[in-house]
Structure formats: C-alpha cells, structure tokens
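The values are calculated or read from the model by the stated rules, or taken from the named source; none is laboratory data. Predicted model, so just to flag it, every value in this text is computed and none were measured. FYI the Cβ positions are ideal-geometry reconstructions off the backbone, even for glycines, and counts take in every protein chain you see. Just the protein is used for accessible areas: all its heavy atoms, side chains included, with ligands, DNA and RNA removed. Shrake-Rupley method; radii C 1.70, N 1.55, O 1.52, S 1.80 Å.
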Number of protein chains: 2
Amino acid sequence: MKRRLFLSGAGLAAGAALASSLPKPAIAQDKIEWKMVTSWPRGLPGLATGAERLADRIGKLSGGRLTIKVFAGGELVPALGCFDAVKQGTADMAHDAAYYHIDKEPAAGFFTAVPFGMTADELNGWVYFGGGQELWDELFAKHGIKAFLAGNTGVQMGGWFRKEIKSVKDLQGLKFRMPGQGGDALAKLGVTVVQLSGQDIFSNLQSGTIDGAEWIGPYNDLSLGFYKITKMYYWPGFHEPGSALQCMVNKQKFDALPEDLKQIIAAACAAENDIMLAEFNGRSPAALATLVNEHKVQLMQFPKDVVTAFGNASGQVMQDVLDKGDDLTKRIAKSYFKFLKDAKAYTKVTEAAYTAARALKFRYPEG
Amino acid sequence: MKRRLFLSGAGLAAGAALASSLPKPAIAQDKIEWKMVTSWPRGLPGLATGAERLADRIGKLSGGRLTIKVFAGGELVPALGCFDAVKQGTADMAHDAAYYHIDKEPAAGFFTAVPFGMTADELNGWVYFGGGQELWDELFAKHGIKAFLAGNTGVQMGGWFRKEIKSVKDLQGLKFRMPGQGGDALAKLGVTVVQLSGQDIFSNLQSGTIDGAEWIGPYNDLSLGFYKITKMYYWPGFHEPGSALQCMVNKQKFDALPEDLKQIIAAACAAENDIMLAEFNGRSPAALATLVNEHKVQLMQFPKDVVTAFGNASGQVMQDVLDKGDDLTKRIAKSYFKFLKDAKAYTKVTEAAYTAARALKFRYPEG
C-alpha cells in the first residue's frame, strides 16, 4: 500500500533509481527524495543554513531513506509562495515563516510572532503543551498542510534609524521597513510602513528612500552592513519578540509515510527548533560587540512613552484580529492571549526578574 | 566488527533474542537494547518524564533498532551514581544533571547552571555555537563519556521561606535547602545550607528542621505541596538560572554505533532539549496561577540589597572555581565567563528589554 502510493505520488522522483541492488526487505528499498522550498536567499545565515541543516538531518536520521533537496526562494517557486507550493504538491515540504500567509489565514501570525506577544520560549510552551499545535493542525488541515516548529530568531532588535526618536511625534511621516502585524501597529502611529526584502534594505536606506528599517538582529544585521549608513540601533524590538520558523509538509504525503519517517521529520524539526535559536543566541552576542566596539554603533533605547504607544497600537491590531476573525481564528487568538496572560506573570518572576537581577552591580568573573 | 563488539559488550543483553526471524541484511538484525540510568524518581514530572520521552524517541527514530530501558534513581545504581555507571559501563547511558558531579570535575557545573550564570537560551548558544560542546567533550572524554544537552528547567524560583527576608542579616543562621554552587554562595552569607532530595523537603520543612527550601519552579513545587506549609514564595532565583539536563553515553559504545544511530541519539537529545524546556514553560504559568489564585501563595521579591549580596557571594564562589581549577577547568571557566559577558550585553537589549517593555501599562487582549 505504502510502496504503491509512493510510486504513484508526485514526491517519489528518483527514489526507485536510488535503491540499492543488495537484497533487502521491501521497506528498505523505498528511498524517497523530497523537494523542500524555502523563503530564504541561498546561504542566508541562520535561516537558510537552518533549513539546510534540517534537510540534512532528516537524510542522516533516516539512513538515506528520505533525502531532501532544498530550494532557495525563487528557484522553484517564489520566496513567499511556499504555502501554495506545499498545498498544491508542487513541493513536498517547505521552510518559511507562518506569518507570510496572514492574507490567507489571519491566525497564521500566532505561529510566528505577534507584536507584544510571546517570546520564543513561551511560544514553544504554548505550541507543545498549551494546545497550540492542535489548533495549528486544525488551521492548516483546511489546506492539506501539516506544520511543525522548526527554528526561532529570538527577540529581534528595534531596528536602524537615520534620525533620533525622542517622542511619539518623531514617528509621524517616517518611512520605515517593518513587515507583519508589527508594521500594522507602526502605521497606526503615523509611520509610512514599507515592505522590502532583506537584500533591498541597504540601498533604500542609503538613498534615503526609507528613514529606517528593522531586519533581524546583530548576527544578520552586521552582515548586511547597515552600520555603514547609520549608527543608531534601537532597542527593544516589540514587533517580533521571538519569530518562529515553520516546516510545512504536504499532509497527504506525510500521512502516507511509514511511522519511523514521520517520527524522524517531527524530531528533526524539534531539534532544529532548538539549534537555530541557539545559533542566533550563540552568534549575536559577539556580533553586537563587534557593532559597538569596531563600528561604533550606538545602542539607543526607545523612550518609555514611545514603547507605551507601540503597546497600545499593537493591542488595537491584535484586538482587531480577534474581533474580525472567523470561529477558528477567534479560538486560536483566545487560546494564545489566555496563555500569554499567565506566561507574562510567570516570566515576570523568572526570566525577566533574573535578567534584571543579573544587571545589578556586583563583582563577577568576566573570563 | 560492530556486531562482534555489541555481542561482547555489557550493553547488548537481550538484543540477539529480539532480532526478527524474517530474512534481513545483517545491519537490520542488529537490534540493540541499552540501559539508561537516571537520577529521577519514577514519574517525576518534567525530568523523569523527559528522560522516558527521550528513550522512547530513540526507539521510534531507529525503527526499534536501538531501544532504551530506563531506570529510576536507585533501581540499578544510586540516583547520583550515573556518572560512574556510564564511565564503568554498568549502564550504557544516563539522564541526569552534570553538576551532580562537581566533586569529580568542578567544571561540570558550567554544563548545568551556575549562580548568576547563563539562562537556558544563552547556555544553548554557548554549548552549540560558542565552543562549549568541544570543551565538554574534552572534559568528559577523560572519563570515557560523551554528553549531550538533553533538557532544561528554565529559570528556577528563589524558593519557599517560613519567615520574611527583609535584609541580608535575616539570612544569618537560616537553615535552607539549596544544592550546588548556589548553596555555596548562600553559605558565604551565613546560611546553614542543607542537602535534601526532592522527596524529603516537605517533611523537613513541615517539622521546622529547615526554614526554607528551593526545589524547581511552580510546575513541580505545586505537586509537592509546599504551599500547605508556607505561603511565601520568593523570586527571583539566582542559583539556577536555567538548569540543563544531560544525556551521557559510554563513549566506547557510542563510537561503535553505526552513523545513523549516532545521529539519532544526537538529534533525539536536541529535540528533548527543546521539548523539556517547553514543558516547563508550558505548564508553569498555569501552575503559578493555581498557587496564587487557589492556594493564596504570596509572590515575594527579594530586596535589592539581598540580591546584590547573592551576586557578590556567587561571584566569589565562581572566581574560586576559576582560580583553583586545573588547566582544563580554567579554560572552560574562561570560555563560559567570556561568552556570558557578551551574552549579558545582548540579552539586556533583547530578551530583558522586551519583557520589561511588555510589563508597561497598555491595552492588550487577554483571551
């Protein structure tokens, strides 16, 4: 049954040709090659390299029974076309961010990041143990897609500004690059929000077409060289407090896999979820030190009234998602906001309290 | 070669008997059953259940070629005897915390948690991408052990106190349960530090033998019922800001595995590293709400001068580890403290700044 399905399915491709000529039971001969489309430029540190690492791990864990060919954004389908490609079976799987598809499903944003929402650790808690995965499955099953958490950037920076932000009125008329619902919140404060891919930010910032841009954080921002144009690097980011990446699999193809290959995909995604966040947290501290010490970047803190304005604008945007959503969107939003409320109270006395305590003045070894 | 080694090794046990009688190539007949010892009472939420989940995942990913039998603490070897058991080959692998073995290797504590050290996310960054794993491998190779990160509790709470802590002098003469280098720091402030297993805390706290105790956090502390004895639950914890659990494997046995089984163990550990932290972060918020709302627990913040005293005492303890260590211990300590210094600067403008910003007053949906 399984073998027949693979041979007639779009995903098999060169599978049969790869099978070894040694005598083996039927199951060992089912070598499958799948296509993974991504939203990332080839080699983009953290994201593209994470997708490659995920694909490579699936091949290794399966002893070569399931190998994954990875396509950069635009190679097989457009960078933002991963959802449709997996839905239609053009690709077997994909690595991108769920919030690229909020035009199709407004609730998809909850599975990446929403402004003033959950951190990476909180999101993992909600998805794995707070009912999030079940809601995500229900949402994407409508499109024949099964999705897994598969990476996270951690808290992103507030971005690069060509002029100082002293109060909320300095935001008026500013042309700023910010995607997603964070961008919707900025727009409520009079910002002209611009959508640009990562590669196009530098030239637009340099020419003055935009007054500022957020991208990810020190690890990626250093490599794109924004410090050559402006030295003002703002914190904290509020728009993406821990952006999850997802691995989408065509559900029909996933369901037809033998049990151990299903487990291998799920485990490889969970491992990548761990390792990609660790890469951002592992490489960003040194990148930030380089920005500050070598490139004389100034770390600028948003004034409190600006942060509060970001908060109220974000609250309006997210209340709109809740109010205007269909039944399933409402259920997802309510589950997310309920978990977030308790998570805030927990984080306040643990992670937030600890990092504040550690910032007090006392003697401690510095290596 | 591989098969011979397994058959003569202590770890094979019932392996040959489990092999199917169907005709299969040699590699598919090598069914291996390994013993995993742990430090955990059977069923302990988060830790024991995480070790079980890890063992189960290895079995599933390998399609049953490598199955793991899990032993609770004391069943095969004493709860704190995992290191020796894996070193000597009594067990093939183990799940516990590296800092249980600082008497053998003072640097082992860096791979669990040290007072005022790295959070879970920072530790993952250092181990995977900051040179930590290579140093860990060097340290444990001396004992014939290969170790992987395999879970984390996140930031632990400051613990339960029977009397209020208003200043540093209230710590004088207090009898308090706290393990590890955090306990060493408390001792410098006049606390009589007591070591007790989790099961023994309740009775000692109830009888007044101890004045207080830290255990883990809301998820586990709720189940042990400490709120029945005292309502004062202190934050922030400083002693274990993200305690990593480890999976140790006998290095000779690990090296003899076929490549895909090595990859399966590594990936299963990384997946568990992700999922266990998510379980603590997923279940603790609701547990904290239950403690506060149903059991009327008071969340008490340590005064700033007490936190600063904890900081200076922790700094002295960790400086001692650096100063008195052998060459390898010094190299590990220096790598850790150097990474931590940069990580603090990064966390200050990201995670810490974001959670502080989110705590400001603004309107936001609550589910």
Compute, for residue A:362, the solvent-accessible surface of its heavy atoms (probe 1.4 Å) with the complete set of protein chains present, and express it in square angstrom to the nearest 10.
40 Å²
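Greater than 29 Å separation of Cα atoms is the criterion. Which listed pairs, B:35/B:175; A:253/B:262; A:146/A:330; A:304/A:344; B:104/B:338, meet it?
Values: B:35/B:175 38 Å; A:253/B:262 27 Å; A:146/A:330 20 Å; A:304/A:344 19 Å; B:104/B:338 24 Å.
Those over the limit are B:35/B:175.
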So what is the 222 nm mean residue ellipticity for chain A from helices alone, if each DSSP H run of at least 4 adds -39500 (n - 2.57) and you divide by all residues, rounding to the nearest 500 deg cm²/dmol?
-14500 deg cm²/dmol
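At a 10 angstrom cut-off on C-beta neighbours, averaged per residue, how do the peptides B:45-56, B:319-330 rank from highest to lowest? Write down the numbers at each step before the final one.
Details: B:45-56: 21.6, B:319-330: 14.3.
Those peptides, ordered most packed to least, come out B:45-56, B:319-330.
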Value of D in µm² per second that Stokes-Einstein yields for region A:182-242, Kirkwood Rh from Cα pairs, at 37 °C (0.692 mPa s):
263 µm²/s
Cα-Cα pairs in region A:303-347 separated by more than 17 Å, as a whole percent of all pairs, come to 46 percent
Would you work out which of B:321, B:337, B:311 lies farthest towards the positive end of the dipole of region B:253-353? Charges go on Cβ: Lys and Arg +1, Asp and Glu -1.
B:311
Taking one equal scatterer on every alpha-carbon of region B:30-88, how large is log10 of I(q)/I(0) by Debye at q = 0.20 1/Å?
-0.73
Could you tell me the ratio Rg/Rh of region A:158-217? Both radii from Cα atoms, Rh via Kirkwood.
0.93
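Relative to the compact-globule scaling 2.2 N^0.38 Å, provide the ratio for the alpha-carbon radius of gyration of region B:32-177. Please report the intermediate quantities before stating the final value.
Working: Rg = 17.5 Å, N = 146, 2.2 N^0.38 = 14.6 Å.
Scaled against compact globular proteins, the figure is 1.20.
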Quick one: in chain A, whose Cβ comes closest to the A/B rotation axis, and how close in angstrom?
A:274, 2
How would you rank A:191-199, A:246-254, highest first, on the average number of other Cβ atoms within 10 Å across their residues?
A:246-254, A:191-199
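Given +1 on the Cβ of Lys and Arg, -1 on the Cβ of Asp and Glu, and no further charges, what dipole in debye does region A:49-139 carry about its Cα centre, rounded to the nearest 20?
The dipole magnitude comes to about 420 debye.
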Tell me: how much accessible area in total is hidden between A and B, 1.4 Å probe, Å², nearest 100?
7700 Å²
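How well do other chains shield peptide B:249-262, expressed as the mean number of their Cβ atoms within 10 Å of each residue Cβ? Before the final figure, lay out each step's value.
Working: counts 0, 0, 0, 0, 0, 0, 0, 0, 0, 1, 2, 7, 2, 1.
Whole-number average of other-chain Cβ neighbours for B:249-262 is 1.
Taking N as the number of residues in region B:204-342, what is its Cα Rg relative to 2.2 N^0.38 Å? Intermediate results must be reported in sequence, preceding the final value.
Working: Rg = 20.0 Å, N = 139, 2.2 N^0.38 = 14.3 Å.
Against the compact-globule rule of thumb, the ratio is 1.39.
Shielding by partners for B:216-223, please: the mean number of other protein chain Cβ atoms within 10 Å of each residue's Cβ.
Numbers: counts 0, 3, 3, 2, 0, 0, 0, 0.
Neighbouring Cβ atoms belonging to other protein chains average 1 per residue here.
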Name the residue, out of A:345, A:91, A:356, whose mean-square fluctuation peaks in a Gaussian network model built on chain A with Cα pairs under 10 Å.
A:356
Whole-Å semi-axes of the ellipsoid equivalent to region A:151-275 (Cα gyration tensor, √5λ, descending):
36, 15, 13
antiparallel share of DSSP beta bridges within chain A, to nearest 5, in %, is 45 percent
Calculate the spin-label point distance for residue B:104 paired with residue A:141, positioning each point 7 Å from the Cα along the beta-carbon direction, and give it in nanometres.
4.8 nm
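Once the Cβ-Cβ distance between residue B:206 and residue A:301 is put in as r, and R0 is 41 Å, what FRET efficiency do you end up with, to the nearest 0.05?
Working: r = 47 Å, r/R0 = 1.15.
It comes out at approximately 0.30.
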Taking the label point 7 Å from Cα in the Cβ direction, how far apart in nm is residue B:104 from each other copy of itself, listed shortest first?
5.2
Using the Kirkwood radius over C-alpha pairs as Rh, can you work out the diffusion coefficient of the protein assembly as shown via Stokes-Einstein at 4 °C, viscosity 1.567 mPa s, in µm² per second?
49 µm²/s
Assign unit charges at the C-beta atoms only (+1 for Lys and Arg, -1 for Asp and Glu), then state the dipole size of chain B relative to its Cα centre in Debye, rounded to the nearest 20.
260 debye
Report Rg/Rh for region B:273-356, rounded to two decimals, where Rg is the Cα radius of gyration and Rh the Kirkwood radius.
1.09
Copy-to-copy label separations for residue B:80, where each label sits 7 Å from Cα toward Cβ, in nm and ascending:
5.8
Would you kindly work out, in nm and rounded to one decimal, the distances from the label point of residue A:319 to those of the same position in each other copy, ordered shortest first, with label points 7 Å along Cα-to-Cβ?
5.3
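Classify region A:263-316 as rounded, prolate or oblate from the Cα gyration tensor: take a ≥ b ≥ c as the square roots of its eigenvalues, call it rounded if a/c is under 1.5, otherwise prolate when a/b beats b/c and oblate if not. Could the numbers behind the result be given before it?
Values: a/c = 6.26, a/b = 1.35, b/c = 4.65.
Note, shape of region A:263-316 comes out oblate.
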Its Cα gyration tensor gives region B:96-187 an equivalent ellipsoid whose semi-axes in whole Å, largest first, are 30, 15, 10
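How many percent of the accessible area of chain A is carbon or sulfur, using a 1.4 Å probe? Can you show the working numbers first?
Working: 7000 of 13200 Å².
After summing per-atom areas, the C and S share lands at 53 percent.
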Each residue of A:93-104 has, on average, a number of other protein chain C-beta atoms within 10 Å of its C-beta equal to 0
Which Rg and Dmax, in Å, describe the Cα atoms of region B:102-149?
10.6, 30
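With every protein chain kept in place and ligands, DNA and RNA left out, what is the accessible area per residue of region B:195-313? Probe 1.4 Å, answer in Å². List each step's numbers first, then the result.
Numbers: 3760 Å² over 119 residues.
Roughly 32 Å² per residue, with all protein chains present.
Return a whole-number percent for the relative contact order of chain B, with Cα pairs under 8 Å and 6 or more residues apart as the contact set.
It rounds to 21 percent for chain B.
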I'd like the accessible area for residue A:227, computed on protein heavy atoms only with a 1.4 Å probe and all protein chains in place. Round to 10 Å², please.
30 Å²
Kirkwood hydrodynamic radius, computed over distinct alpha-carbon pairs, for chain A: how many Å, to one decimal?
21.8 Å
